[in-house]
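Engineer: Input: one structure, supplied below.
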Amino acid sequence: MNTNEPNFKRILLIDDDLVVRARVSESLTQDGFEVILAKDGNDGIVAYQQYRPDLILVDAVMPILDGFEFCQELKQLGDRLTPILMITSLDDNESVDRAFASGATDYITKPINLSILRQRVRNLIRQSHLIKNQLNELQQANKSLQLLANLDSLTKLANRRGFDDYMQREWERMQRIRAPLSLIVCDVDFFKNYNDRYLHPTGDKCLMEVAKAMRNTVRRTGDLVARYGGEEFAIVLPNTNALGAVSVAENIRLAIKNLQIIHEASSVCPYVTISVGVSTIIPTQENDFQTLLHAADRALYQSKSQGRDRVSTLVV
């Protein structure tokens, strides 16, 4: 087999004629293919599920389950990509139309010309290879678009949409396993004053540094750091109790303060600081993640009202 051909090796051959199976199998094996044999459509379905071939050759007229019915069964299994070359002794328009309508990709008539068969097989393999590559590229592009849709362009953290999606998933997961879910929300203290004093480009750099420090502090797999909006950030901590969440929150607060970003317009500290609210809940069907979010917001308000640059907590 030409080494430049796509690396599709496995062919399922379904035919009730022993002689046809032997001739076709020998020819395709010489071309470098692995050929799986089945004597009727039912055996073909079993072989398909077991071996997942890259191409299927199926006889149109067989006992028990013929080629047309086999194609329909394959559709029911959800496969619309594996190319099917139907072998038929019927060359009338009605039979050809029925073959394509049932899901065949191409057909070849009996008696089989092995040279033509090999060429048809190579063509179908090449086409299938191109289609699957295009689908893979499209899936990767869709994943990239999904990632961009959930990503904050400035900080490279999850954005509000990404936060909401993740919170919903983790809420449902923690509800199933009856484990605590904690949430941290933070505001950069007096950030409007910071922007007014140092202008917005410097403000953007400040937010980027804050985001980086948060990301470096929250390292556990499964935790999510998000830019909730403006100068507000949120950290989702699945399977984390109140004590653990407060510890993470304090580490974040100290990490931001230790950046020592000059903030002469702050009445709290000469450096950039954050106020933090923490809430914890064991999710149930009687409430939703907004309950946790509202509690964290109330804790954040408490931190601000008590002088900022501190962590407050509220267990729901």
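Engineer: Give the angle, between 0 and 90 degrees and rounded to the nearest 10, that separates the Cα long axis of helix 200-217 from the longest principal axis of the Cα atoms of the chain.
Structural biologist: Tilt relative to the chain: about 70 degrees.
Engineer: Name the residue farthest towards the positive end of the dipole of the chain from the options Pro83, Asn239, Ile108, assuming +1 on Cβ of Lys and Arg, -1 on Cβ of Asp and Glu, about the Cα centre.
Structural biologist: Asn239
Engineer: Another question about this same structure. Might you report the magnitude of the Cβ-based charge dipole of the chain about its Cα centre, with Lys and Arg at +1 and Asp and Glu at -1, to the nearest 20 debye?
Structural biologist: Charge dipole of the chain: 1500 debye, to the nearest 20.
Engineer: As I understand it, the value is the acute angle between the Cα axis of helix 114-149 and the longest principal axis of the Cα atoms of the chain; what does it come to in degrees, rounded to 10?
Structural biologist: Once rounded, the angle reads 10 degrees.
Engineer: Between rounded, prolate and oblate, where does the range 103-204 land on the alpha carbon gyration tensor, with a ≥ b ≥ c its root eigenvalues, rounded for a/c under 1.5, else prolate if a/b exceeds b/c?
Structural biologist: In terms of gyration-tensor shape, oblate.
Engineer: Here's a follow-up. Extending each Cα 7 Å along its Cβ direction at Lys205 and Arg176, get the distance between those two points in nm, one decimal.
Structural biologist: 4.6
Engineer: How much length is gained if the chain between Asp17 and Leu81 is pulled fully straight, taking 0.36 nm per residue apart and subtracting their Cα-Cα distance, in nm to one decimal?
Structural biologist: Between Asp17 and Leu81, full extension yields 20.4 nm more.
Engineer: If you don't mind, another one. Given Lys39/Lys132; Lys132/Lys156; Lys192/Lys304, which pairs have Cα atoms separated by over 26 Å?
Structural biologist: Over 26 Å Cα-Cα: Lys39/Lys132; Lys132/Lys156.
Engineer: Zone of Leu114 (label point 7 Å along Cα→Cβ, backbone N under 14 Å): which residues in the range 8-27?
Structural biologist: 19-27
Engineer: Classify the chain from the C-alpha gyration tensor, please: rounded if a/c falls under 1.5, else prolate or oblate depending on whether a/b exceeds b/c.
Structural biologist: prolate
Engineer: What is the gain in length, in nm to one decimal, between Arg197 and Asn136 on full extension, counting 0.36 nm per residue of separation less the C-alpha to C-alpha distance?
Structural biologist: Additional length available on full extension: 17.0 nm.
Engineer: Could you give me the ³J(HN,Hα) list for the range 258-265, computed from phi with Karplus coefficients 6.51, -1.76, 1.60 and θ = phi - 60°, whole Hz, x at Gly and Pro?
Structural biologist: Rounded to whole hertz, the list is 6, 5, 6, 7, 4, 9, 6, 8.
Engineer: Tally up the carbon and sulfur contribution to the accessible surface of the range 159-316 as a whole percent, 1.4 Å probe, everything protein left in place.
Structural biologist: 49
Engineer: Ok, one more. With a 1.4 Å probe and every protein chain kept in, tell me what percent of the accessible surface of the range 1-115 is carbon plus sulfur.
Structural biologist: The value for the range 1-115 is 46 percent carbon and sulfur by accessible area.
Engineer: While we're looking at this one, here's another question. In Å², and per residue, what accessible area does the chain have when probed at 1.4 Å with the other protein chains present?
Structural biologist: 52
The values are calculated or read from the model by the stated rules, or taken from the named source; none is laboratory data. Predicted, not measured: the structure shown is a model, and the values here were computed from it. Because the Cβ atoms are built from the backbone with ideal geometry, glycine has one as well, and the counts that use them run over all protein chains shown. Protein only, heavy atoms only, side chains kept; ligands, DNA and RNA dropped before computing areas. Shrake-Rupley method; radii C 1.70, N 1.55, O 1.52, S 1.80 Å.
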